[in-house]
Amino acid sequence: SAVLTVTSVSPAEPILGVTLTFTLGTQGCSATTDINGKATCVITLNQIPGSYTVAASFAGNGLFLASSTSTPFTITREETTLTYTGDTVIPNGGTAHLSGILTEDDLTPIAGRMVTFTLGTATPQICSGTTDATGTAECVISPVAQPLGPGVVSADFAGDAFYLPSSATAQTLIFA
């Protein structure tokens, strides 16, 4: 949002009914000023995180000169949460169904991201899956070749240009 006023009078007077154009990196929107000279529009960010400039400009008209302002703006990577949802009691020599759910803000599923699963630590077995529309990634390890007894399984999302990394672990029981 921005407020457009006539500053040659005191106090400054708002300018009603003119269009302000906003830009942020490669995106933009326009809005008309209200009775207070304020214009507001929404930009849903889809750019790679980094440093940008947000600008508001008025092109001018027959009554008023053009005007613009800008300020630095930083887009940061979104936090993620990865929850392990796969098997935890696993037959040695059998099949382990490993799965996890990747979300943004513990709520919104994140699709199209690679999650790597690691079963065991001494002789780890690894598989990967890509998250679907529900944020779920799945893969299968068969045959399971782990020491009998308690163990661990981990799920890891390495992060990317838009999202921060996250991981999850769960205790397993490998049985004969």
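Quick look at the numbers
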| item | result |
| --- | --- |
| Under-5 Å amide H pairs with residue 146, H placed in peptide plane, nonlocal only | 93 |
| Probe 1.4 Å, protein heavy atoms only - accessible area per residue of the range 55-107 in square angstrom | 59 |
| Over the range 128-176 - Rg/Rh using Cα atoms and the Kirkwood inverse-distance radius | 1.06 |
| Cα-based radius of gyration of the range 82-164 once divided by 2.2 N^0.38 Å, which approximates compact folds | 1.11 |
| Efficiency of FRET from Cβ geometry, residue 128 and residue 32, R₀ 45 Å, rounded to 0.05 | 0.35 |
| Estimated translational D of the chain in µm²/s (Stokes, Kirkwood radius over Cα pairs; 37 °C; 0.692 mPa s) | 164 |
| The range 18-70 - Rg (one decimal) and Dmax (whole number), Cα, Å | 12.3, 39 |
| Carbon and sulfur %, accessible surface of the chain computed with the full protein complex present, 1.4 Å | 56 |
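The values are calculated or read from the model by the stated rules, or taken from the named source; none is laboratory data. Keep in mind that this is a model prediction, so the values were computed, not measured. Because the Cβ atoms are built from the backbone with ideal geometry, glycine has one as well, and the counts that use them run over all protein chains shown. Heads up: the accessible areas ignore ligands, DNA and RNA and are worked out on the full protein's heavy atoms, side chains in. Shrake-Rupley method; radii C 1.70, N 1.55, O 1.52, S 1.80 Å.
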